[in-house]
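Trainee: One structure, pasted below without further comment.
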Amino acid sequence: MLKAVVFDLDGVITDSAEYHYEAWSIIAKELGISFDKDYNEKLKGVSRMESLNLILDNGPGRYSMSEDKKNEIATKKNEIYKELIKKITPDDLLPGILPSLKALREKGIKVALASVSKNAPFIINRLGVKDYFDYIADAAKIERSKPFPDIFLDCINSLGVAPNDAIGVEDAEAGIAAIKAAGMKAVGVGSSAQMHEADVILGSTSELSMEVFEKLIS
Ligand code: B16
Ligand code: MG
């Protein structure tokens, strides 16, 4: 029986993935490392430090820089990102998200947020949808990022819901892998090439509906 839906943030609730890309592009340019939208796909759902490691791997490699220098660069990226996300308003909710949150609430189905972003609570507040979430995972307390199932398990365990009764919604390959590893059903938003492990693939969040959820778990 469907008891919970767990949403990713970046690329599902709002397009903050675009701001991550903008911020990392500035950093990569300064480092003289090539970085484009294709390579950025690898960074989705991945922690800040692992994102930097992946960018360095496209250049001199992750072991070419001291940990202190890496921390300094990761902090700089976050400062740029924080400036960009100040612009977010409720208008930046992706299509279909608010109606889905409302429909889930009406049906008494629990809703959680599984974002590995430490900026997630700030963004959810800016979007004005905090009250629709029964639980928001604390990224700082999650040891292993997606594709490990930890953040999705943390969400459903906190809601007291079994994996069989829960659906995860993701836009990243690592995120779909995390949902499946948690034993949940996965809705993938994006291209079928990246979402092939998902149980259902939607071209856009505008296609999200109770019907989609109820088809997966009735
Ligand atoms: P921060 P999600 C992830 O959020 C992003 O997809 C990923 O690109 C980012 O590096 C990560 O959060 C950490 O974000 O630097 O803000 O802590 O997709 O899990 O909502
Ligand atoms: Mg995402």
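Every read-out reported here was derived from the displayed coordinates using simple, explicitly stated rules and does not represent laboratory data. Note that this is a predicted model, so its numbers are computed, not measured. Don't worry about glycine lacking a Cβ; one is built from the backbone with ideal geometry, like all the others, and counts go over all protein chains shown.
Trainee: Using the structure shown, select from Lys44/Lys110; Lys37/Lys215; Lys3/Lys42 the pairs with a Cα to Cα distance greater than 27 angstrom. Let's see the in-between values first.
Mentor: Values: Lys44/Lys110 25 Å; Lys37/Lys215 33 Å; Lys3/Lys42 31 Å.
Violating the 27 Å Cα-Cα cut-off are Lys37/Lys215; Lys3/Lys42.
Trainee: Using a Gaussian network model of the chain whose springs link C-alpha atoms within less than 10 Å, name the residue from Asp15, Asp154, Asp68 with the highest mean-square fluctuation.
Mentor: Among Asp15, Asp154, Asp68, the largest mean-square fluctuation in the Gaussian network model of the chain belongs to Asp68.
Trainee: Next question. Test of understanding: in a Gaussian network model of the chain with alpha carbons linked when under 10 Å, which of Leu43, Leu31, Leu127 would top the mean-square fluctuation ranking?
Mentor: Maximum among the listed residues: Leu31.
Trainee: Of Pro99, Ala137, Ile27, which is farthest along the charge dipole of the chain in the positive direction, counting Lys and Arg as +1 and Asp and Glu as -1 at C-beta?
Mentor: Value: Ala137.
Trainee: Give me the net charge for the shell around Pro147: Cβ to Cβ below 12 angstrom, other residues only, Lys and Arg +1, Asp and Glu -1. Don't skip to the end; give the middle numbers.
Mentor: On the way: positive: Lys42, Lys44, Arg144, Lys146, Lys180; negative: Glu50, Asp150, Glu170, Glu173, Glu197.
Summing Lys and Arg as +1 and Asp and Glu as -1 gives 0.
Trainee: Further, regarding this structure: If you wrap a convex hull around the C-alpha atoms of the range 17-87 and split its volume per residue, what is the figure in Å³? Walk me through the numbers on the way to the answer.
Mentor: Working: hull volume 5.4 nm³, N = 71.
Roughly 77 Å³ of hull volume per residue.
Trainee: When Rg is the radius of gyration of the Cα atoms in the chain and Rh is its Kirkwood radius, what does Rg/Rh come to? Present the calculation step by step, with values, prior to reporting the outcome.
Mentor: Values: Rg = 17.0 Å, Rh = 17.6 Å.
Ratio value, two decimals: 0.97.
Trainee: Excluding Leu56 itself, calculate the net charge of residues whose Cβ lies under 9 Å from the Cβ of Leu56, where each Lys or Arg counts +1 and each Asp or Glu counts -1.
Mentor: Numbers: positive: Arg62, Lys70; negative: Asp57.
Counting the neighbours of Leu56, the net charge comes to +1.
Trainee: Now for a different question. Want the number for Ser191 to Asp57: 0.36 nm per residue separation, take away the alpha-carbon distance, what's left?
Mentor: Working: separation 134, 0.36 × 134 = 48.24 nm, distance 2.50 nm.
The span from Ser191 to Asp57 would gain 45.7 nm if fully extended.
Trainee: Do the sum for the chain: with -39,500 (n - 2.57) for every DSSP H run of n ≥ 4, divided by all residues, what is the mean residue ellipticity at 222 nm, to the nearest 500 deg cm²/dmol? Spell out each step's value before the answer.
Mentor: Details: 9 runs with 94 residues, N = 218.
-13000 deg cm²/dmol, from helical runs alone.
Trainee: Still on this structure, please answer the following. Which aspartates and glutamates have a Cα lying under 17 Å from the Cα of Lys180, excluding residues fewer than 8 positions away in the same chain?
Mentor: Of all the aspartates and glutamates, those that pass the test against Lys180 - Cα under 17 Å, at least 8 places apart if same chain - are Asp8, Asp150, Asp154, Asp165, Glu170, Asp171, Glu197, Asp199.
Trainee: A further question on this structure: What shape does the range 87-146 take by its C-alpha gyration tensor, where a ≥ b ≥ c are the square roots of the eigenvalues and a/c under 1.5 counts as rounded, a/b above b/c as prolate, and the rest as oblate? Don't skip to the end; give the middle numbers.
Mentor: Values: a/c = 2.28, a/b = 1.29, b/c = 1.77.
Here the range 87-146 falls in the oblate category.
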